[in-house]
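Data first, discussion second: the structure below is written as structure tokens.
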Amino acid sequence: MKGPVLGIDLGTTNSVVAVAGDAGIDVLTTPEGHRLIPSVVSFHPSGEVLVGRAARDRRLLDAQNTVYSVKRLIGRPFESREVQRAKERFAFEFAPSASGGVLVASRGETYTLSEISAFVLREVRRVAELATGGPCTRAVITVPANFNELQRSATKAAGRVAGLEVLRILNEPTAAALAYGYGSGSRERVAIFDLGGGTFDVTILELAGEVFEVVATAGDTYLGGDDIDQLIAEQMAEAFLAHHRYDPRGDRQAYERLRAAAEWAKCQLSAEEEVQLRIEELAYGEGGVSLDLTFGLSRQGLEAMAMPLLARAFDVCEEAMNVAGVRPTQIDQVILVGGSTRMPLVHRMVEDYFGKQPLATIDPDLVVAQGAALQGQALATSRAKSRLGRVTLRRVSQVGMRPAAAVEEVQVKGDPRAAGYAPPPPPPPPAA
């Protein structure tokens, strides 16, 4: 008997895996109870390849051999602006392939970006098999709506290398809409506002009866939580330089510690008004004296810092609106996707732009995997009259936009909500 079809959100920063059944959707956890699996790979001196949280922890110890945030580079030429920008920002090394593509170099070996993704997918599969107690060999994997065919093929190839039969490559915004139960005959225009760790995408879906159509998508491959972290880290580095006359940005290991601390501060400020942090022995001065950093940041200060960066998201929204031929007030519903949408500032800016409260009753980190799981369950049981509905996809045409993306129609037969499925209740607010 075949195991469940996995719904996998292969994210830039974190990956999530879920399965759907008659009782609903289950987001699977690691043995330690974590639902987010960091999309990080670290090559240990022993030869072991670490993936997930163990790899993420190595960023502080071995930044040059720890690879992360490469999803945005899949399918791009080595000489492209995006890859050259990544070379400047990340501590690990890039190299050109014989065909002009991108390789990651570590400890004398090189790896394609599909191989890096395959390491992550192999870990996702391992987590799923431990959680379900059986083999998991089939999956639906999501990608941004603006991924081209080369990028989609590379993602599918990564799944095969990880031992997965990839039944479908599904657009992330379509997955998010499926998770919210759309596809039951309503006629609506929905915007998916997806602000993750490394990238931002906005997609406009038109729902007509039981058909989902991507009418416009636009994105910024260097706009996300990582970029906000960098703003904070830069301010921390300036404070350290002013106090100690030593610039930690010249030490890759020290700067990775700053970035990790910046991420923690940013997350805390979604629930708190102010944070204080201390990093001991960030660097060493004359005579081996340890140099520590004490740094405070308020939510107001973070928002002032992040607002110009986040304003770029709404320039991207304007691109999508122009392609779709609509205005923000003509959007019926806005769905938030991606962990960075937890920032109170993001909520306010989205509400101001669209003129309505965005929908975030499903955890924005988990919603895409849940929709992919619904698609996977429907594909697996379509001949058995799935209670969650049967979903079929077909490629239609190309849309002229920046960047170009394929239109996708999704036909849903049956109403997921009528089958007893309903989106989970909103997560409890973080503790103050």
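Listed by first and then second residue, the pairs with beta-carbon distance under 7 Å, at least 6 apart or on different chains, first residue in segment 314-334 and under 15 Å from Pro173 (Cβ atoms), second surrounded by 17 or more Cβ atoms within 10 Å (Cβ to Cβ) and hydroxyl-bearing (Ser, Thr, Tyr), are Cys317/Tyr353; Ala320/Thr217. Residues of segment 177-224 that are within 22 Å of Glu318 (Cβ to Cβ), modelled with pLDDT under 95 and small (Gly, Ala, Ser): Ala177, Gly196, Gly198, Ala216, Ala218, Gly219, Gly224. Restricting attention to segment 158-192, the residues being touching a helix residue (DSSP H, G or I) at 6+ places or on another chain (Cβ under 8 Å) and over 30 Å from Thr112 (Cα atoms) number 11. The condition of being exposed (fewer than 14 other Cβ atoms within 10 Å of the Cβ), at negative phi, out of contact with any helix residue (DSSP H, G or I) (no Cβ under 8 Å at 6 or more places or on another chain) and not aliphatic (A, V, I, L, M) holds for only one of Glu281, Glu319, Glu286, that being Glu286. Residue count for segment 204-261 under the criterion of being outside any helix (DSSP H, G or I) and either more than 30 Å from Ala320 (Cβ to Cβ) or without any contact (Cβ under 8 Å) to a residue 12 or more places away in the chain (or both): the result is 4. Could you tell me whether segment 322-339 includes any residue that is farther than 30 Å from Leu28 by Cα and small (Gly, Ala, Ser)? Within segment 322-339, one or more residues are farther than 30 Å from Leu28 by Cα and small (Gly, Ala, Ser).
Please verify whether Glu303 is at pLDDT 95 or above, acidic (Asp, Glu) and loosely packed, with under 14 Cβ neighbours inside 10 Å, treating the condition exactly as stated. Here the answer is no, as Glu303 does not meet what is asked. All of Ala254, Ala233, Ala239, Ala262 fail the test of being at pLDDT below 95 and among the small types (Gly, Ala, Ser), apart from Ala254. Assessment of segment 146-166 against the conditions (out of contact with any strand residue (DSSP E or B) (no Cβ under 7 Å at 6 or more places or on another chain) and β-branched (Val, Ile, Thr)) yields at least one matching residue. Of everything in segment 85-117, what is of a type outside the set (D, E, K, R), closer than 28 Å to Ile228 by Cβ and either in contact (Cβ under 8 Å) with a residue 60 or more places away in the chain or loosely packed, with under 14 Cβ neighbours inside 10 Å (or both)? Give them in sequence order. Selection gives Ala91, Ser106, Ile116, Ser117.
The values are calculated or read from the model by the stated rules, or taken from the named source; none is laboratory data. In this text, all values refer to a predicted model and were calculated from it rather than measured experimentally. Positions of Cβ are backbone-derived with ideal geometry, glycine not excepted, and every protein chain shown enters the neighbour counts.
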